[in-house]
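This report concerns only the one structure given below.
The values are calculated or read from the model by the stated rules, or taken from the named source; none is laboratory data. Only a predicted model underlies this, so the values are computations on that prediction, with no experimental measurement involved. Glycine gets a Cβ as well: all are built from the backbone with ideal geometry, and neighbour counts include every protein chain shown.
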Amino acid sequence: MNALEYARLQFGLTASLHFLFVMVTLGLVVLVAAMQTRYVVSGNPVYGKMARFWGLLYAINYAVGIATGLVMEFEIGLNWAGLSRLTGDVFGAPLALETLIAFVLESTLLGMWIFGWGRLGKWLHLALIWGVAATAMLSAFWVMVSNAFLQHPVGYALDADGIARLTDFGALLSNSALWFALLHTVFAAMTTGGILLAGVSAWRLRRAHRARRRRELGPDDHELFRRSLRLGIRVGLIGTFFTISFGYAQFGPLGDNQPTKLAGGAKAAAEQAAMVERFGPGDYLPSEWVIPSLEAMTGIANLLFLLLFVAQVLTFRDTLIRRRWARPALWMLTVLIPVPFATAILGWIVREEGRQPWAVYGLLRTADAVSPMSAGALRWSTFGFTLAVAALAIVDWWLLARAAARTPGGEFGTDEETGENRELQQEAMA
Amino acid sequence: MSNLWYGILGFCLVAYFVLGGLDQGVAMLLPALRGDGERRAALNAIGPMFLGNEVWAVGAAGVLVAAFPRLDGELYGATYPAVIAIVLGLLALNAGVQLRSRGRRRAGFDALIAASGLALALGWGLLLGVLLHGVPLDAGGHLHGFAPLKDPQVWFTGLANVLLVLVHGAAFLVWRLDAGPARERMRRLVVRLGPAAGGVAVLVLGGWYLKAPAGIRHPVTGTVLALVIALAVVAAGLAAKRLTATRGGGRVFAASAVACALPVLAAASALFPAVLASTMDPGATVTVDDAAAGGETLRLLAIGAAPLIAVLVAVQAACWWLFRATGSRRTSLYW
């Protein structure tokens with residue numbers, strides 16, 4: 001493999017692994033915020049328990065993955081010097097807004113939320129988690145603004161040195177490669193969160209029933225998982241619907257922005273000839289991975305919608321939990337947990353592999369964007385970073401599984417029954 | 001405009017050296033704390049601020065990518081081994097702190113946390129050392145090897161930062177921990193280590209005088225700031241000596257925070273307006289203006305991002321204020 005291939009492999013692997021964390025973060029945060037809102041508004045303690053149980057999973061995933069984004073920032077600087085030099089002015093701006101404002105603010109608020117359970121006022125504490133959710137969405141927005149520029153560069157002009165200078169920020173925000181893709185991504189994350197909720201709840205409920213171990217889940221915990229299951233299925237179903245809708249909606253702008261991406265047969269040859277005429281000789285068609293990935297993604301997403309629809313129907317009068325014949329549906333929901341992740345990676349392959357051979361479509365070739373580094377140096381950093389981030393992903397999932405298997409209660413140093421801070425209570429009693 | 005953004009980059013880095021430094025310091029001190037109770041108390045003292053502290057490094061990297069797109073590649077390239085240590089250190093520290101209390105085997109995680117704290121403090125110190133030394137950059141923007149990292153003076157600079165960070169972490173624990181043997185041990189550590197760190201800082205300063213790299217343009221400013229670092233860290237030691245066994249420590253922490261804030265400013269102002277001084281060809285030196293993004297980008301960032309930095313600072317200040325009492329008097333059980 002040459003340096004370019006290593007640099008691409010490295011970014012592709014670390015970005016994909018990073019995105020696994022992102023999906024859980026984006027998907028769970030809104031659900032946790034919604035649970036906590038119902039808890040604060042209704043005062044029903046089961047929602048407080050729900051918010052803490054799922055909030056712990058959220059916090060673990062966030063904290064383990066927090067530094068994986070830094071690896072990518074570092075890779076952009078080190079491995080893709082051409083990208084920074086030529087177009088860094090334009091696509092760097094939204095990235096900075098993402099890290100500086102959204103991400104740093106999000107982490108600060110999250111730290112306060114984790115340690116604020118039972119210590120801060122309920123409404124202030126609720127405001128914190130909504131602040132986390134809002135800044136998480138803002139993060140997604142700015143990252144997609146950057147990505148949309150790479151897909152379809154707008155709002156810039158080349159100066160005398162051939163460097164892209166930002167001329168129209170509004171154009172970056174109204175990029176036709178941005179909004180549908182952003183909504184597609186956010187709803188995909190919501191689907192992921194919903195299915196995670198439903199899958200884990202289904203597993204807990206199924207295990208409790210199968211072994212007839214009534215002690216496995218107390219009545220409160222049973223209620224917690226019953227409500228989580230229903231919420232998860234509903235969010236997953238709605239999320240899948242909108243993910244699919246905003247996926248299909250992208251075909252329109254895509255045909256105009258990136259004619260080579262999905263072209264096949266005679267059309268591919270025509271587009272190739274047109275590109276050669278515009279940009280000189282070269283191979284302008286993306287690899288053969290793109291179309292099968294697209295087909296797999298679409299097929300899986302439609303099937304997922306169907307399965308979630310069936311599950312939603314079975315939530316009527318809790319058939320899913322009560323009737324023995326409906327139990328396989330619980331098993332199915334648990335099995336579905338990894339599916340949204342795999343489907344999302346397929347989606348990114350379509351978007352990113354399909355952009356090749358361009359780093360910035362029509363403006364900068366990937367081969368010109370890569371730093372002049374030796375393949376040897378890149379081999380080692382690829383190996384090292386992938387290993388580090390993959391290890392974090394594995395540890396993350398191991399911890400998530402353990403946190404999902406534990407008996408709810410006592411998260412964040414809170415009392416099991418009242419949700420108050422244990423030490424504060426002891427002090428009040430003394 | 002580019003100077004304004006250089007200032008903002010500096011602000012992020014100073015915030016990281018002070019706040020992240022406090023995380024690194026506490027991380028390195030974990031082995032000096034006895035038993036799980038003391039270690040959890042120490043980690044929970046930084047608990048609410050920890051994530052907010054750490055992300056200043058990411059914020060600084062973001063400003064670098066956006067406002068200085070022609071600097072980040074060269075900077076990372078010139079300091080590659082140190083940057084790798086920093087990135088891996090950040091990964092390990094954040095994961096380790098989060099994971100230690102989730103499992104039963106905590107000793108391994110504590111060793112990982114301490115090692116990553118050391119890697120970070122040393123890595124950032126080396127990075128400043130390399131900047132002061134100058135880098136083998138040619139006129140074409142290509143780097144030739146990592147010669148600066150073979151210079152002992154650069155390593156002394158890294159070591160000085162490790163000592164500063166250690167004092168800073170201990171000073172924070174003196175301020176925030178409940179009265180008890182752990183706090184007393186930290187206090188004695190500050191008393192002993194503070195003057196030692198001040199001495200090392202002066203020696204490192206002398207070393208740079210002997211070396212006199214061509215890239216340094218404002219030796220006087222750099223010297224004054226370096227001397228203030230030494231004075232501040234000695235003052236932390238003296239303040240800790242006068243401290244009673246039960247209460248106080250805010251002044252000790254303030255002094256160590258000043259000492260940790262200044263290395264970035266000292267290095268940057270000694271080199272200004274250069275950022276990456278070339279040891280091969282003075283013409284290849286990268287200045288703030290060379291590295292900055294175009295005017296429109298910087299204006300946009302100034303309108304879009306700069307006011308929100310004030311919001312960010314306000315939120316972090318609110319975090320310190322909200323948890324002002326709880327951290328020192330009670331321990332949460334999360335970490």
ask   = Do the conditions hold for A:ALA51, that is, is it surrounded by fewer than 24 Cβ atoms within 10 Å (Cβ to Cβ) and part of a helix (DSSP H, G or I)?
value = no
ask   = Among the helices (runs of 4 or more DSSP H) contained in segment B:21-121, which hold 2 or more residues that are more than 14 Å from the chain's Cα centre (by Cα) and farther than 28 Å from B:VAL135 by Cα?
value = B:35-67, B:80-99
task = Please name all residue pairs, on different chains or six or more residues apart, with Cβ atoms under 6 Å, provided the first residue is in segment B:289-313 and is more than 7 Å from every other protein chain (Cβ to nearest Cβ) and the second residue is modelled with pLDDT under 80.
result = B:ALA291/B:ARG70
remark   = Conditions (1) over 30 Å from B:HIS144 (Cβ atoms); (2) surrounded by 17 or more Cβ atoms within 10 Å (Cβ to Cβ) -> B:ALA270 fails only (1)
ask   = Does segment A:113-130 contain at least one residue that is within 7 Å of another protein chain (Cβ to nearest Cβ), touching a Ser or Thr at 6+ places or on another chain (Cβ under 8 Å) and surrounded by fewer than 24 Cβ atoms within 10 Å (Cβ to Cβ)?
value = yes
ask   = Which is over 17 Å from the mean Cα position of the chain (by Cα) and not in a helix (DSSP H, G or I), of B:LEU243, B:LEU227?
value = B:LEU243
ask   = Picking from A:ASP220, A:ASP159, which residue would you name as being at pLDDT below 90, out of contact with any Asp or Glu (no Cβ under 6 Å at 6 or more places or on another chain), at the interface with chain B (Cβ under 9 Å from one of its Cβ atoms) and surrounded by fewer than 18 Cβ atoms within 10 Å (Cβ to Cβ)?
value = A:ASP159
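Scan A:ASP161, A:ASP221 and give me the residue that is in a loop (DSSP other than H, G, I, E, B) and of a type in the set (D, E, K, R).
Working: A:ASP221 fails: in a loop (DSSP other than H, G, I, E, B).
Going through A:ASP161, A:ASP221 in turn, just one is in a loop (DSSP other than H, G, I, E, B) and of a type in the set (D, E, K, R): A:ASP161.
Just the residues that are in a helix (DSSP H, G or I) and over 19 Å from B:SER116 (Cα atoms), please, taken from segment B:1-14.
Keep residues of segment B:1-14 that are in a helix (DSSP H, G or I), which gives B:2-14.
Answer for segment B:1-14, where residues must be in a helix (DSSP H, G or I) and over 19 Å from B:SER116 (Cα atoms): B:SER2, B:ASN3, B:LEU4, B:TRP5, B:TYR6, B:GLY7, B:ILE8, B:LEU9, B:GLY10, B:PHE11, B:CYS12, B:VAL14.
Give B:VAL190, B:VAL167, B:VAL174 a once-over and let me know the one that is away from chain A (no Cβ under 14 Å), touching a Ser or Thr at 6+ places or on another chain (Cβ under 7 Å), among the β-branched types (Val, Ile, Thr) and buried (at least 24 other Cβ atoms within 10 Å of the Cβ). Quick ask: steps written out before the conclusion?
On the way: B:VAL190 fails: touching a Ser or Thr at 6+ places or on another chain (Cβ under 7 Å); B:VAL174 fails: touching a Ser or Thr at 6+ places or on another chain (Cβ under 7 Å).
Being away from chain A (no Cβ under 14 Å), touching a Ser or Thr at 6+ places or on another chain (Cβ under 7 Å), among the β-branched types (Val, Ile, Thr) and buried (at least 24 other Cβ atoms within 10 Å of the Cβ) holds for just one of B:VAL190, B:VAL167, B:VAL174, which is B:VAL167.
Using the structure shown, decide if B:VAL97 is buried (at least 24 other Cβ atoms within 10 Å of the Cβ), in contact (Cβ under 8 Å) with a residue 24 or more places away in the chain, over 30 Å from B:MET1 (Cβ atoms) and at the interface with chain A (Cβ under 8 Å from one of its Cβ atoms). Show your work before the answer.
Details: buried (at least 24 other Cβ atoms within 10 Å of the Cβ): yes; in contact (Cβ under 8 Å) with a residue 24 or more places away in the chain: yes; over 30 Å from B:MET1 (Cβ atoms): yes; at the interface with chain A (Cβ under 8 Å from one of its Cβ atoms): yes.
In short, yes.
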ask   = Can you name every residue in segment A:250-285 that is within 18 Å of A:ALA148 (Cβ to Cβ) and surrounded by 16 or more Cβ atoms within 10 Å (Cβ to Cβ)?
value = A:GLN250, A:PRO253, A:LEU254, A:ASN257, A:GLN258, A:PRO259, A:THR260, A:LYS261, A:LEU262
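How many residues are β-branched (Val, Ile, Thr) and surrounded by fewer than 21 Cβ atoms within 10 Å (Cβ to Cβ) if we restrict to segment B:142-161? Give the derivation first.
Of the residues in segment B:142-161, the ones β-branched (Val, Ile, Thr) are B:154, B:157.
From what's left, surrounded by fewer than 21 Cβ atoms within 10 Å (Cβ to Cβ): none.
Result for segment B:142-161: 0.
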Enumeration of residues in segment A:337-378 that are among the polar types (S, T, N, Q) and either assigned to a helix (DSSP H, G or I) or surrounded by fewer than 20 Cβ atoms within 10 Å (Cβ to Cβ) (or both) = A:THR343, A:THR366, A:SER374
ask   = What number of residues within segment A:90-112 satisfy the criterion of being charged (D, E, K, R) and either at the interface with chain B (Cβ under 7 Å from one of its Cβ atoms) or farther than 20 Å from A:ALA34 by Cβ (or both)?
value = 1
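Hey, among A:ALA3, A:ALA59, which residue is surrounded by fewer than 20 Cβ atoms within 10 Å (Cβ to Cβ) and not basic (Lys, Arg)?
Numbers: A:ALA59 fails: surrounded by fewer than 20 Cβ atoms within 10 Å (Cβ to Cβ).
Being surrounded by fewer than 20 Cβ atoms within 10 Å (Cβ to Cβ) and not basic (Lys, Arg) holds for just one of A:ALA3, A:ALA59, which is A:ALA3.
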request  = State yes or no: is A:HIS125 farther than 30 Å from A:TRP348 by Cα, modelled with pLDDT of 90 or more and out of contact with any Cys (no Cβ under 8 Å at 6 or more places or on another chain)?
outcome  = yes
message = Please list, ordered by residue number, the helices (runs of 4 or more DSSP H) wholly in segment B:249-318 having 2 or more residues that are out of contact with any Pro (no Cβ under 6 Å at 6 or more places or on another chain) and aliphatic (A, V, I, L, M).
response = B:250-271, B:295-304
ask   = Can you tell me which residues in segment B:80-94 are among the β-branched types (Val, Ile, Thr), more than 8 Å from chain A (Cβ to nearest Cβ) and surrounded by fewer than 22 Cβ atoms within 10 Å (Cβ to Cβ)?
value = none
message = Can you tell me how many residues within segment A:54-71 are in a helix (DSSP H, G or I) and closer than 21 Å to B:PRO48 by Cβ?
response = 12
request  = For segment A:35-45, indicate whether the set of residues that are without any contact (Cβ under 8 Å) to a residue 24 or more places away in the chain and at the interface with another protein chain (Cβ under 7 Å from one of its Cβ atoms) is non-empty.
outcome  = no
ask   = Residues in segment B:186-209 that are within 21 Å of B:ARG247 (Cβ to Cβ) and in contact with a helix residue (DSSP H, G or I) (Cβ under 7 Å, 6 or more places away or on another chain): how many?
value = 6
ask   = Taking into account only those residues within segment B:49-79 that are within 17 Å of A:ASN79 (Cβ to Cβ) and out of contact with any strand residue (DSSP E or B) (no Cβ under 9 Å at 6 or more places or on another chain), which is farthest from the other protein chains (Cβ to nearest Cβ)?
value = B:LEU64
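I'd like to check something: does segment B:252-272 contain any residue that is within 10 Å of chain A (Cβ to nearest Cβ), farther than 18 Å from B:LEU164 by Cβ and out of contact with any Cys (no Cβ under 6 Å at 6 or more places or on another chain)?
Taking segment B:252-272 first, the residues within 10 Å of chain A (Cβ to nearest Cβ) are none.
Within segment B:252-272 (the criterion being within 10 Å of chain A (Cβ to nearest Cβ), farther than 18 Å from B:LEU164 by Cβ and out of contact with any Cys (no Cβ under 6 Å at 6 or more places or on another chain)), the answer is no, since none of the residues qualifies.
Residues being facing chain B (nearest Cβ under 7 Å), more than 24 Å from the chain's Cα centre (by Cα) and buried (at least 24 other Cβ atoms within 10 Å of the Cβ): count how many of those fall in segment A:73-89.
Residues in segment A:73-89 being facing chain B (nearest Cβ under 7 Å), more than 24 Å from the chain's Cα centre (by Cα) and buried (at least 24 other Cβ atoms within 10 Å of the Cβ): 5 in total.
Among the residues in segment B:26-48, are any more than 7 Å from chain A (Cβ to nearest Cβ), of a type in the set (Gly, Ala, Ser), in contact with a His (Cβ under 6 Å, 6 or more places away or on another chain) and farther than 28 Å from A:TRP380 by Cα?
Start the filter on segment B:26-48 by keeping residues that are more than 7 Å from chain A (Cβ to nearest Cβ), which leaves B:26-46.
Next, only the ones that are of a type in the set (Gly, Ala, Ser) stay: B:27, B:32, B:35, B:37, B:41-42, B:45.
Then drop every residue that is not in contact with a His (Cβ under 6 Å, 6 or more places away or on another chain), which leaves none.
So far as segment B:26-48 goes, no, none of its residues is more than 7 Å from chain A (Cβ to nearest Cβ), of a type in the set (Gly, Ala, Ser), in contact with a His (Cβ under 6 Å, 6 or more places away or on another chain) and farther than 28 Å from A:TRP380 by Cα.
Determine if segment A:104-111 includes at least one residue that is touching a Pro at 6+ places or on another chain (Cβ under 6 Å) and under 30 Å from A:LEU13 (Cβ atoms). Step through it out loud before you land on a result.
First, pick out the residues of segment A:104-111 that are touching a Pro at 6+ places or on another chain (Cβ under 6 Å): A:111.
Narrowing further to those that are under 30 Å from A:LEU13 (Cβ atoms): A:111.
Yes.
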